[in-house]
Structure formats: C-alpha cells, structure tokens
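Worksheet: the structure to be examined is printed underneath.
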C-alpha cells in the first residue's frame with residue numbers, strides 16, 4: 001500500500017511535469033521565483049515614468065481572430081502610437097478562471113499603469129484586485145465597473161445595434177427567406193446578439209419565430225459542433241448564418257465557404273470578411289481595439305475616467321464591416337436601406353432590443 | 001414548411017449530423033477498446049485526439065495524406081508512451097493518462113502560439129473516408145478480438161494475465177502493441193476534426209470528445225459493436241439537441257429548461273454513470289483492467 005501510494009505520487013509529479021512542459025503558463029507571482037526575465041524586469045522598473053499597459057485574456061487566447069484578437073490589436077496600436085517601448089506592453093492568457101486574480105495581481109504588483117481584463121468573466125476578480133491596488137488603472141471589457149470604484153472603467157458595447165443591421169442585411173439578401181444564428185454559450189451577452197439580429201430580420205419583413213433559427217454550441221472551442229450546427233441550419237433552408245461563437249464560430253465560416261455561391265456566414269467582433277472572401281456577407285465589428293486603445297491613451301494623458309463607458313454605433317464602437325468582397329453582390333436598394341437604418345440607429349431613433357424579452361415588444365420601423 | 005420535401009431535408013440533416021457527430025467518438029472508442037481489453041485504462045483518448053488533430057492540421061498544410069500519416073505517427077508514439085509508462089515503469093494508468101492529456105493540451109497550445117499564431121489552413125480529407133472507416137473498423141476489431149491469435153492474447157492480457165503467462169504468452173508485447181494501436185485510432189479520430197471537418201486546428205478543439213468516447217466504451221460494455229452503437233447514439237443525441245434548438249422547442253418543467261443545451265450536454269455522462277451502477281444492464285470491465293501484471297492476486 002505504501003509502495004503503491006508512493007508510486008502514485010511520483011506519477012502525479014510526472015504528470016504535472018509533463019503538463020507543465022510547453023505551457024506558456026500564467027506568470028508566476030513574482031516573489032523571486034519568476035522567470036529570470038520577469039525578475040529582471042521587476043528590478044528595472046519604474047524608472048522615469050515609463051508608461052506600461054497590460055492585458056489579461058480569458059481562457060480564449062488572442063489567436064481567436066475575433067474578440068481577443070481585437071483587444072490585442074488595441075494594445076499593439078497603443079504600443080506604436082503612444083511609444084510605449086519594448087517592455088511597455090504585455091499580455092497573458094488565463095488557463096482557468098482560477099488564474100484571473102493571479103494574473104491581474106501580478107501586473108498590478110509589477111506597477112503596470114493600466115491593466116485591462118478582456119472578458120466579463122473577470123468582473124469579480126477585477127473588483128477584488130482593483131480594491132487592493134488603488135493607484136493602478138483597471139478596465140474590464142463587457143462588464144460594468146464595480147459601484148463606486150475610483151480606478152475601474154467598465155467598457156461596454158451596444159452590440160445589439162450592429163447585430164440589428166446584420167439581421168436586416170441577412171434577411172434582405174436571403175433568397176430562401178430563412179436565416180440562422182449560431183451562438184457560443186447561452187448567456188445574456190450572446191442572447192443580446194440574437195435579439196438584435198432577429199429584430200433586424202423583423203425589420204426586413206421576416207417573422208423571427210419562423211424564419212430565423214438560432215442554436216448555441218455550448219462553448220467557444222468546439223469547432224466540430226459549430227460546424228455541425230451551421231450545416232444543419234443550412235440544410236434546413238437558411239442561406240445566411242450569423243456566428244457569435246468564438247473559435248467554434250470560425251467553423252461556421254468554413255461551412256459557408258465549402259457550400260460556395262449562394263451561402264453566407266456573418267462574422268463577429270473583428271472584421272472577418274477576409275477569412276473566406278465572398279462567403280462572409282459582412283461582420284458585426286465590435287471595436288474592442290478602440291476601447292482598449294482609448295483607455296490606455298486616456299490613462300497616459302491623465303484623463304482616465306472610472307465608471308462605465310458605453311460604446312455604440314454613434315461613436316463608432318460597433319459597426320458593420322466594409323463588405324469589401326460582397327458589396328457588389330448586394331442590391332443597391334438594400335444598401336440604401338441599410339444606410340438609412342444605420343443613420344436611424346446612430347441617431348437613437350431606432351433602439352434595437354438587447355434582450356429576447358425586449359424583442360417581443362420591438363416595433364419595426366418602416367423604411 | 002411542413003411539405004414532404006422539407007420533411008425529407010429534415011431527416012437527411014439529422015442523419016448527416018448524427019454520422020458526423022458519431023464518427024470521431026466511434027473511431028476513438030475503438031482505440032479505447034483495444035487498450036482497455038488488453039488491461040490498460042486509457043483516459044488519454046482526449047489528449048490523443050487533440051494531438052492527432054494538431055499533427056494532422058500542421059503537417060497537412062500541403063498534403064492531407066502527409067498530415068494523416070504524421071498524425072497517426074504522433075498517435076502511435078503517444079500510445080506507446082502510455083504503454084511504456086504503465087507497463088514498464090508501472091505508473092498508475094489514470095495518472096499516466098492524465099499526464100498525456102495535460103501534455104497534449106499544453107504542447108499543442110504552445111506549438112500553436114509558436115508555429116502559427118495567426119491560425120492555419122490545412123488540406124482536407126473527404127468526410128466520407130472517415131464515415132467508411134467508422135463503418136468498417138468496429139467489424140474489423142470485433143473479428144480481430146474474437147477470431148485471431150493476437151485478439152485472444154489481447155483479451156487474455158486484460159482478463160487474466162496470470163494464466164496467460166502460465167500458458168506461455170508474454171503479456172508486455174501484447175499490451176505495448178494494443179495501446180500503440182489505441183493511440184493510432186484516437187489520433188485518426190482527431191484528424192477527422194481537423195482534416196475532415198474544419199481544415200484547421202484550434203486549441204482544445206477536442207472539447208471533451210475523448211471522454212465521451214470513453215463513455216461510449218463503457219456504455220457499450222467494452223465491445224466494438226456496443227461502443228459503435230453507443231457512439232451513434234451520442235451522435236444522434238447531439239444532432240437532436242441542435243434540431244430542438246432550430247425548431248425552437250423548449251420543454252419547461254418544474255422550473256427547469258430541460259431542452260437547455262448545457263443540461264443536455266451532461267446526458268452522455270449521466271448515461272455512463274447509469275450503466276456503471278447497473279441501471280441499464282450491467283457494465284463489467286475486463287477483469288484485470290488497470291492492474292499490474294501479476295500484482296493483483
């Protein structure tokens with residue numbers, strides 16, 4: 001028995017060693033045990049007001065060509081335009097929700113000036129860590145700033161506005177009079193996308209309960225399931241499918257591309273039109289990059305404002321992509337109506353629903 | 001709506017989704033059977049699928065065939081690693097399997113960042129190729145297990161290694177071969193995800209399929225035919241889950257949304273638990289599963 005448990009222990013140690021190998025893990029709590037570079041960096045900061053900004057990603061990673069990639073682009077832009085220098089920016093990806101606090105604390109204790117948490121899941125961790133580091137500027141994307149906090153900015157988006165236009169466009173170009181939606185997790189944030197999209201379809205004359213199908217993958221990683229859901233929606237008559245499903249959603253674009261002419265996907269968060277030229281009708285672009293850039297810039301200029309910041313179509317926070325590859329295939333009258341609708345939404349004359357409950361009460365404008 | 005033609009579409013869509021959903025589970029489950037019937041617990045299926053998917057996509061950028069061969073090689077190597085860790089160094093089977101899963105998750109994540117941070121596009125293999133393989137493999141495996149000398153030895157290694165050794169069968173090579181083949185099967189299942197379906201690799205894209213495959217092994221009572229049926233059932237289940245959503249059907253009862261995808265995702269695991277505690281028939285694992293050769297008695 002003793003022998004057995006010792007063996008188990010060695011095995012467990014080996015497993016941990018194996019698992020640890022090759023993982024660019026979260027930076028260790030810098031207490032002399034960190035990697036040499038981190039320790040050195042700690043020793044040499046902050047000399048003479050060099051401004052530094054860091055991003056903490058959720059478990060998704062910045063290679064998602066979408067939400068995280070956009071946030072990272074904002075940081076890269078800040079690095080270039082605000083001359084943040086070689087060590088001025090840093091990112092870390094969380095392996096699990098247990099890492100949020102460690103990652104945030106790590107950057108704050110290394111005296112980074114701005115720490116941006118990319119993803120609503122980190123709201124609780126931000127609240128806790130921000131209270132411990134009152135001199136550090138924090139921001140969280142897609143969540144509210146904690147009540148009364150003086151050093152946290154909540155960066156929120158009115159995604160329903162962009163989704164509304166996407167739904168209108170999708171329904172307007174659909175030849176089968178059926179369109180679809182593939183979401184990631186069934187959470188209020190993604191239901192907001194569904195609600196806006198369906199309202200847009202309604203505005204184009206669709207009956208959302210019959211002519212718009214919606215499914216949820218259940219996570220952001222399962223490309224196979226995302227593809228299967230897109231396939232089934234296309235098979236059942238939809239010819240445009242909007243995805244808001246992270247990496248799983250990339251498979252929706254693959255499926256549209258494989259089906260070829262007459263089938264479209266709609267991209268999300270970043271301009272994904274280029275991923276399958278001509279097969280991505282448009283993308284519902286959420287300018288997380290601008291929000292991140294602005295936050296860093298304001299902090300650098302001493303104009304950081306705590307509290308909630310809402311980015312909407314009016315200020316360019318959300319928009320449709322330029323439709324570089326598909327514009328010529330869209331009828332002129334549809335484009336004209338889309339422009340008109342964009343204006344109405346920007347001016348606040350049309351308020352797309354942000355929840356499925358609001359969708360039920362939504363009255364479509366006549367164009 | 002409701003026309004005969006639409007009904008036909010509905011059925012075809014369900015069938016295609018079922019087969020596509022079942023194929024990777026089934027292929028990996030055959031790997032699970034090979035390993036477990038030889039007496040080696042294999043929870044490494046998840047990591048093997050992920051590694052296979054990665055190698056397939058990375059080496060399949062110019063030729064899907066090269067990707068396939070590379071993936072099977074990686075699967076064989078990791079399978080052999082699991083076999084050596086458990087049989088030669090006598091590591092606990094679950095710990096070794098867990099180690100391989102963590103290694104696969106960490107290594108593919110790291111390599112993705114280093115080799116193709118901006119994503120990757122691979123060539124593709126026709127899904128029909130995988131569906132055909134999934135149709136043939138269970139029958140072939142059943143035949144090997146039942147009617148060949150290797151199959152007899154493999155089963156002996158899993159049921160009663162002591163007696164097998166008395167009869168002059170050397171267990172170690174049998175288990176090494178069985179677990180290596182197991183790795184090949186699971187990696188093949190992984191290439192279906194990358195080369196067959198999505199033509200790319202993305203972190204964690206195995207998304208628990210290895211564990212569901214293992215559930216299919218248990219639910220199928222460690223028999224190729226049983227595991228194949230279980231895989232098809234789980235595949236059907238995923239397809240129905242999507243169809244329910246497409247049709248907007250919600251079943252609310254006792255304040256719970258029973259048709260919620262999050263809830264339905266648990267069903268394969270619940271069914272496996274039920275099988276294990278003998279609610280639906282009895283699931284009896286190979287007698288010497290997870291035991292060291294000669295240490296059990």
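Hey, any hits in the stretch A:339-346 for a residue that's part of a loop (DSSP other than H, G, I, E, B) and either within 20 Å of residue A:266 (Cβ to Cβ) or more than 23 Å from the chain's Cα centre (by Cα) (or both)? Give the derivation first.
Within the stretch A:339-346, the subset part of a loop (DSSP other than H, G, I, E, B) is none.
Within the stretch A:339-346, none of the residues are part of a loop (DSSP other than H, G, I, E, B) and either within 20 Å of residue A:266 (Cβ to Cβ) or more than 23 Å from the chain's Cα centre (by Cα) (or both).
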### Every residue from the stretch B:29-45 that is surrounded by 24 or more Cβ atoms within 10 Å (Cβ to Cβ) and in a loop (DSSP other than H, G, I, E, B)
B:38, B:39, B:40, B:42, B:44
### Task
Please enumerate the residues belonging to the stretch A:96-111 that are outside any helix (DSSP H, G or I), in contact with a helix residue (DSSP H, G or I) (Cβ under 9 Å, 6 or more places away or on another chain) and surrounded by fewer than 20 Cβ atoms within 10 Å (Cβ to Cβ).
A:97, A:111
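Quick grid of which residues meet (1) within 14 Å of chain A (Cβ to nearest Cβ); (2) under 20 Å from the mean Cα position of the chain (by Cα); (3) within 25 Å of residue B:46 (Cβ to Cβ):
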residue: B:112; (1), (2), (3): yes, no, yes
residue: B:119; (1), (2), (3): yes, no, yes
residue: B:145; (1), (2), (3): no, yes, yes
residue: B:150; (1), (2), (3): no, no, no
residue: B:167; (1), (2), (3): no, no, no
residue: B:173; (1), (2), (3): no, no, no
residue: B:192; (1), (2), (3): yes, yes, yes
### Query
If you take the residues of the stretch A:141-159 that are assigned to a strand (DSSP E or B) and in contact with a helix residue (DSSP H, G or I) (Cβ under 7 Å, 6 or more places away or on another chain), which of them is nearest to residue A:267 (Cα to Cα)?
A:141
### Message
So, residue B:215, is that one within 22 Å of residue A:219 (Cα to Cα) and modelled with pLDDT of 90 or more or not?
### Response
yes
### Message
If I go through the stretch B:71-107 residue by residue, how many of them are in a helix (DSSP H, G or I), more than 9 Å from every other protein chain (Cβ to nearest Cβ) and either in contact with a strand residue (DSSP E or B) (Cβ under 7 Å, 6 or more places away or on another chain) or surrounded by fewer than 20 Cβ atoms within 10 Å (Cβ to Cβ) (or both)?
### Response
6
## Note on the structure
Over the stretch B:200-228, the set of residues surrounded by 24 or more Cβ atoms within 10 Å (Cβ to Cβ), within 11 Å of chain A (Cβ to nearest Cβ) and either more than 14 Å from the chain's Cα centre (by Cα) or assigned to a helix (DSSP H, G or I) (or both) is B:201, B:202, B:209
### Message
So, in the stretch A:216-234, exactly how many residues are outside any helix (DSSP H, G or I), facing chain B (nearest Cβ under 7 Å) and out of contact with any strand residue (DSSP E or B) (no Cβ under 8 Å at 6 or more places or on another chain)?
### Response
4
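For every residue, the table says whether it meets (1) farther than 20 Å from residue A:206 by Cβ; (2) assigned by TED's automatic domain parsing to the domain that holds residue A:292; (3) in contact (Cβ under 8 Å) with a residue 40 or more places away in the chain.
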position: A:310; (1), (2), (3): yes, yes, yes
position: A:324; (1), (2), (3): yes, no, yes
position: A:335; (1), (2), (3): no, no, no
position: A:338; (1), (2), (3): no, no, yes
position: A:345; (1), (2), (3): no, no, yes
position: A:348; (1), (2), (3): yes, no, no
position: A:353; (1), (2), (3): no, no, yes
position: A:357; (1), (2), (3): no, no, no
position: A:367; (1), (2), (3): no, no, yes
### Task
Name, by its number, the condition in (1) more than 12 Å from chain A (Cβ to nearest Cβ); (2) modelled with pLDDT under 75; (3) over 28 Å from residue B:37 (Cβ atoms) that does not hold for residue B:261.
(1)
### Query
Of all the residues that make up the stretch A:235-253, how many are surrounded by fewer than 24 Cβ atoms within 10 Å (Cβ to Cβ), assigned to a helix (DSSP H, G or I) and touching a strand residue (DSSP E or B) at 6+ places or on another chain (Cβ under 8 Å)?
0
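Each row is one residue, and each column tells you yes or no for (1) modelled with pLDDT under 95; (2) buried (at least 24 other Cβ atoms within 10 Å of the Cβ); (3) more than 13 Å from chain B (Cβ to nearest Cβ).
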position	(1), (2), (3)
A:197	no, yes, yes
A:211	no, no, no
A:263	no, no, yes
A:270	yes, yes, no
A:301	yes, no, yes
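The values are calculated or read from the model by the stated rules, or taken from the named source; none is laboratory data. Source: prediction; values computed, not measured. For neighbour counting, all protein chains shown are included, and Cβ atoms are generated from backbone atoms with ideal geometry for every residue, glycine included.
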